[in-house]
1. Quick check on L355: is it assigned to a helix (DSSP H, G or I), at pLDDT 90 or above and crowded, with 17+ Cβ neighbours inside 10 Å?
2. So, in the range 115-142, of the ones that are in contact with a Lys or Arg (Cβ under 6 Å, 6 or more places away or on another chain) and assigned to a helix (DSSP H, G or I), which residue ends up farthest from T58 (Cα to Cα)?
3. Right, V434: within 19 Å of S261 (Cα to Cα), buried (at least 17 other Cβ atoms within 10 Å of the Cβ) and aliphatic (A, V, I, L, M) or not?
4. Does L313 meet the test of being of a type outside the set (D, E), at pLDDT 85 or above, on the phi < 0 side of the Ramachandran plot and surrounded by fewer than 17 Cβ atoms within 10 Å (Cβ to Cβ)?
5. Can you go through A396, A417 and tell me which one is touching a residue at least 60 places away in the same chain (Cβ under 8 Å), crowded, with 18+ Cβ neighbours inside 10 Å, of a type in the set (A, V, I, L, M, F, W, C) and part of a loop (DSSP other than H, G, I, E, B)?
6. Can you name the condition, by its number, that I61 falls short on among (1) at pLDDT below 90; (2) buried (at least 24 other Cβ atoms within 10 Å of the Cβ); (3) among the β-branched types (V, I, T); (4) closer than 25 Å to A233 by Cα?
7. Pairs under 7 Å by beta carbon, first residue more than 26 Å from K416 (Cα to Cα) in the range 446-461, partner assigned to a helix (DSSP H, G or I) and modelled with pLDDT of 85 or more, six or more apart or different chains?
8. In the range 359-393, what residues are crowded, with 18+ Cβ neighbours inside 10 Å and of a type in the set (G, A, S)?
Amino acid sequence: MPEQGLAKRVLILNTVAFTVCFAVWTMYGVLGAFLSDAHLLKIDKAQLGWLIGAPILTGSIMRLPVGLLTDRYGGKPVYIAVMLIAAGGVALTSLATEFWHFLACGLIFGMAGAAFAVGIAYTSVFWPKEKQGTALGIFGVGNAGSALTTLLAPVGLQKLTQGGENLEGWRQLPLIYAGALVLMTLIFALSTTNRKPAGSGQKTWASMLSPLKSTRVWRFGVYYFLVFGAFVALAQWLVPYYLSVYGMSLAMAGLMASIFSLPSGLIRALGGWASDKFGARATMYWVLASCTLLFALVIAPRMDIVSPGESILADRAGTVTAVSKESITVDDKVYALKVAKPGTEQTLSAKGSSLSEGNLILPKSDSWQEPIVEVGQQVKKRELLARGITHVYFQANVWVFTGIVFLAGIMMGVGKAAVYRHIPDYFPNDVGVVGGLVGVIGGLGGFFCPILFGYLLKATGLWTSCWLFLALLSALCLVWMHLVILKMTRTQGHHE
């Protein structure tokens, strides 16, 4: 087969296999919630978090050793081994009855997440450097596997349990996932050709690990912590976010969360093309700057606040002779008062109903003054006549919010491809190990970010605290990258 045809076939099979693996990797996001809600597994929210995180942890940590093995032995045998191990773990889940059973099975089938490190290295050896960004971007479309699980697994569980009449029918879902993995493994084994990077057989394990001494590798890892790790975290975190902040049903919250996760996975191919066309560095500038802005736009929490405002004080001592909503008269001095806009009192008495009505986009405020004195009362100079009240409310319109999060997801998808486009340029013979470590750091972001989001929510009481963290992280990455590029430019100019 001509080289171009072989490269395309391997890319297609890598991408499909990665999609299946990613769907398996995130299975507990749906299955864990189902088992908990149906009281088939009695666990608290903290245990549910650990259950969801267990596969993410394994898939993240194993990316480095799997990347090393791919560089040493080639992608085909390693990919097959990864899928078979994951298939065994997910099949065992169908037999689980206790929390620790599910935890152990999750740690085993979490190996599916390590497929990314295999696919990146295996795809790279078939494509020339000038086309690797596009090829790796297409491969990264497999991230959409998480959205497929979010959309299809709830429907599958509904049918398998006959609408809740046969709750034990859930055990067929892991078997379906396992069957999909085994079938994919057979197709992969029969249709691909193994290939290793040039000179990989002569390398020692120590020499293969030597690129990890480079600060550049760890910097790429921090970028990936943001664009991939936070993506995986948000794909799960947005469901309770929509439930709690906007009072949506579980089905609608899942659909809204998929608006973020599905396009982000699919757009990764565009990120690879943009990295080839405009350069990975320029693409990352756009990604990090956009993420900083977009995350900053959703930091303001949904609010309905009444606060002290500008008050009215007596200019001189005297007797109050008249009091109304519009004015206060002290002797012959009339003090005009600000009056609340029509409807403000009803808004306040509704205790925040303004937040769930209308299509407000920007925060709105109103201020007015209310008399606190009575006719006949003696007042002294500088004594308070009317207290000021300011009412600020922000609806945090759900469609505007979703639109901003949708754009952030797209930029994160582009960024995932751009980060990995750097690797073949700087480490052409170590794509597996470098890609593995970058994947480890990014994957750990998917494990730690939900935990961090939870602690921030607990400490501040604000759901939007997660956006503040992500905005600061985006800004940090942008500044770090810019400083490094300035240093590189000065060094190159000095040599010239």
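1. no
2. Within the range 115-142, the match that is farthest from T58 (Cα to Cα) is G133.
3. no
4. Spelling it out, L313 is indeed of a type outside the set (D, E), at pLDDT 85 or above, on the phi < 0 side of the Ramachandran plot and surrounded by fewer than 17 Cβ atoms within 10 Å (Cβ to Cβ).
5. Being touching a residue at least 60 places away in the same chain (Cβ under 8 Å), crowded, with 18+ Cβ neighbours inside 10 Å, of a type in the set (A, V, I, L, M, F, W, C) and part of a loop (DSSP other than H, G, I, E, B) holds for just one of A396, A417, which is A396.
6. (2)
7. Partner pairs satisfying both residue conditions: L457/S465.
8. Across the range 359-393, the qualifying residue is only A386.
The values are calculated or read from the model by the stated rules, or taken from the named source; none is laboratory data. Being a predicted model, the structure only gives us computed values, none of them experimental. No Cβ is skipped: glycine too gets one built from the backbone with ideal geometry, and neighbour counts run over all protein chains shown.
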